[in-house]
Ligand code: ARG
Ligand code: ZN
């Protein structure tokens, strides 16, 4: 009984107003909702109110106790007239809510998560994004346990409620869908600030945390201010309430949530200080703070008509946060990270049983569709529009979109139309990116006859079949292309933006006086898999001469990948070209250190696996280790120089200092791989002497992968130092889950019995189980123990928290990519999951589809 996009019907009843009254308690919370229901259109259908796990204590219509009929997932009320007031009372038990959807307790706080369908766990309601309602919220709670009471909008009153209790009232003037409702009650303190908007309004900002975490909130607060100014400057978007609050909670199913005026965050995306957060964490805090803030326009002011349009807000907002982060530091390094993430998560999704279009056609459980395809491929689709239209026309389209649809629930189609109307572009064919799943494959063959002043590129595209979509039409692909002269090393003319819309096309370049080398899909202008006739020499050349840093990185990656694929398929490969290219990159003094750190990293084991028709995880591991060791030993001096040259000063969070730390830790990894006798001592000294988590964690990761007796010592020191900090303890679990050692599976099985391990906290579950399942060699241990371990954990987690459990299914669903023995064991675990009694809808959909 899937929900289908084609079945969309506008709501039968609108709810313009809702007053909510909460008598809050962790054991028991009493909710009363008073709503106005207004018939929409001419029909005689009842008012249907969605519910999940709650039964009303009472329902009153226009003040009179009324009957209702109870369905599995809703209640229905028959209303005689066109407008009525309905009052519903419900009793909730937040401390028993292990799903962390609706109202739940986390570390002494009470908080909510409603997207996508959590509000129906609080109050029976038309819980769909196209019903926009004005909310007024009153909360009453114990003054000692819950001294702070927050909700959406602006605070409008508070006072004593007697019996050691107090109350507060909040009013949100902006009509919103129920998924944006939020409240928080708890013993919190705020890091406060203010921001003056471009029209001169002053906004009070607050980052709310436990008192002991207050010192870790400066980075989030400053990122928020930077994001607010950036959205005004780049998109002309101004904030619209008098207050903007963010609350950090420890138990959270995702990264964060953009509730109107009251964002709620997983604490890992708020808390940061040098001692506990890596540079990666700092960057992620700023990116997620910006992302949720940007949703105030792309998501809240203009929301989604239905959940099939999810990428309308998520793809656009991810693109916006990527642009923001690029503007804060190195755009090239940011693009490298984003593309690496896309290839690690989205490409495999698009190539597997869970492939779906950016705008899906059907689903069983919407929470399974908060995917890399919706978010990251969705962002790539927006980025391609930006590339094709250009900065100015794209901005005009964005202005038109916000202008036209402000205060409404819109569709992906509305966005595309606004872009077309503002720019004059025709995006008809381009829209296939929303409806066709699968990563297009593009072949580019360059030819040039000596003495001929003309070069030709033969382009072909193929969009592969995906579940339910056997045949595909060609897509419109923007490819940024440039040629370089192999003798002079200089560009042969300007970069061209080629729009490939047919299955094949021939492109000619004139005035080509020397043998050209092809630089294509520069900046990753289209999210495709590229196949070219470039030789190792061509790739090495580009890795040294391309003037687009991203393309330089790509050339190096492709060179490494080609070498590794040869090594896996032929048992051996020539490493010389890679070693020479890495040596040259290390020796280029004018390159950004952060860029060098990325460029000299080998592709991940899973990405190498993705290039093979059948993945042999052990062969991939061996080939990669062999190349790593060869690089390490043959460039021993250079790694040493890079390590020493990037020596640590006092911690600073600046792009330059981050780049030094990045390169230093990469160099440390290579020094250890070289078997240098002092490498473990070096790592241990760095571990002990570090004044920041990036260096301490980098050293720990190196030690954990090795065989030195310093490994246990470092793990113990780290554990004892951070045992009371859950976010850092997560790192202690994940660094071991990602171990490259032979005994990784044994370690992980032990760690699951550790007294600090719990499935009740999503971060902890992901740190061990999630990280282990992307440790390719360990997860795919030939015994099948890795699969069994993950399946056992998923079944246990499904009982507590189906959403978080279901997100961890995809690695098992990749069985088709592995040899028959592994595939059979992986399928066996999926079958065991599907056959389990009491499985959630979330798991049933993910595991069931993964078997097909
Ligand atoms: N809208 C939130 C964000 O991306 C994430 C909500 C996730 N919800 C879910 N059911 N997975 O900013
Ligand atoms: Zn989002």
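The values are calculated or read from the model by the stated rules, or taken from the named source; none is laboratory data. A quick note: this is a predicted structure, and the numbers were derived from the prediction, not measured. All Cβ positions, glycine included, derive from the backbone under ideal geometry; neighbour counts span all protein chains shown.
What the table shows:
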| quantity | calculated |
| --- | --- |
| Selected residue (only one of 137, 189 is buried (at least 19 other Cβ atoms within 10 Å of the Cβ), more than 28 Å from the chain's Cα centre (by Cα) and either closer than 24 Å to residue 801 by Cβ or away from ligand 2 (no atom under 16 Å from the Cβ) (or both)) | 137 |
| Residue in the range 671-694 that is touching a residue at least 60 places away in the same chain (Cβ under 8 Å), under 29 Å from residue 781 (Cβ atoms) and in contact with a helix residue (DSSP H, G or I) (Cβ under 8 Å, 6 or more places away or on another chain) present | no |
| Every residue from the range 452-468 that is part of a loop (DSSP other than H, G, I, E, B) and modelled with pLDDT of 95 or more | 463, 464, 465, 467, 468 |
| Residue that is in contact (Cβ under 8 Å) with a residue 40 or more places away in the chain and either touching a strand residue (DSSP E or B) at 6+ places or on another chain (Cβ under 6 Å) or farther than 30 Å from residue 849 by Cα (or both), where the choices are 411, 428, 387 | 387 |
| Verdict on residue 707 being in contact (Cβ under 8 Å) with a residue 24 or more places away in the chain and either surrounded by 17 or more Cβ atoms within 10 Å (Cβ to Cβ) or under 26 Å from residue 659 (Cβ atoms) (or both) | no |
| Members of the range 748-769 that are part of a loop (DSSP other than H, G, I, E, B) and under 19 Å from the mean Cα position of the chain (by Cα) | 761 |
| Residue list for the range 223-258, restricted to those being farther than 29 Å from residue 396 by Cα, away from ligand 2 (no atom under 16 Å from the Cβ) and outside any strand (DSSP E or B) | 250, 251 |
| Positions within the range 266-295 being within 11 Å of ligand 2 (Cβ to nearest atom) and touching a strand residue (DSSP E or B) at 6+ places or on another chain (Cβ under 9 Å), in sequence order | 288, 291, 292, 293, 295 |
| Candidates 262, 271, filtered to the one that is crowded, with 24+ Cβ neighbours inside 10 Å, touching a residue at least 40 places away in the same chain (Cβ under 8 Å), away from ligand 1 (no atom under 13 Å from the Cβ) and more than 14 Å from residue 216 (Cα to Cα) | 262 |
| Among residues of the range 502-521, those that are part of a loop (DSSP other than H, G, I, E, B) and at negative phi, counted | 6 |
| Hits in the range 113-134 (condition: part of a helix (DSSP H, G or I) and within 16 Å of ligand 2 (Cβ to nearest atom)) | none |
| Cross-chain or 6+ apart pairs with Cβ under 8 Å, the range 830-852 first and at positive phi, then surrounded by fewer than 16 Cβ atoms within 10 Å (Cβ to Cβ) and assigned to a helix (DSSP H, G or I) | 838/799 |
| Segments classed as strands (runs of 3 or more DSSP E), wholly inside the range 8-75, with at least 1 members that are in contact with a helix residue (DSSP H, G or I) (Cβ under 8 Å, 6 or more places away or on another chain) | 29-39, 47-50 |
| Residues satisfying the stated conditions in the range 622-637, i.e. touching a helix residue (DSSP H, G or I) at 6+ places or on another chain (Cβ under 6 Å) and surrounded by fewer than 20 Cβ atoms within 10 Å (Cβ to Cβ) | 628, 629, 634 |
| Flag for residue 281 being over 17 Å from the mean Cα position of the chain (by Cα), away from ligand 1 (no atom under 16 Å from the Cβ) and either assigned to a helix (DSSP H, G or I) or surrounded by fewer than 24 Cβ atoms within 10 Å (Cβ to Cβ) (or both) | no |
| Selection within the range 301-320 - within 26 Å of residue 249 (Cβ to Cβ) and either away from ligand 1 (no atom under 14 Å from the Cβ) or surrounded by fewer than 22 Cβ atoms within 10 Å (Cβ to Cβ) (or both) | 301, 307 |
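Condition check ((1) under 25 Å from the mean Cα position of the chain (by Cα); (2) surrounded by 17 or more Cβ atoms within 10 Å (Cβ to Cβ); (3) farther than 18 Å from residue 141 by Cβ; (4) more than 16 Å from ligand 2 (Cβ to nearest atom)) across all residues:
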| site | (1), (2), (3), (4) |
| --- | --- |
| 84 | no, yes, yes, yes |
| 89 | no, no, no, yes |
| 93 | no, no, no, yes |
| 103 | yes, yes, no, yes |
| 106 | yes, yes, no, yes |
| 111 | yes, yes, no, yes |
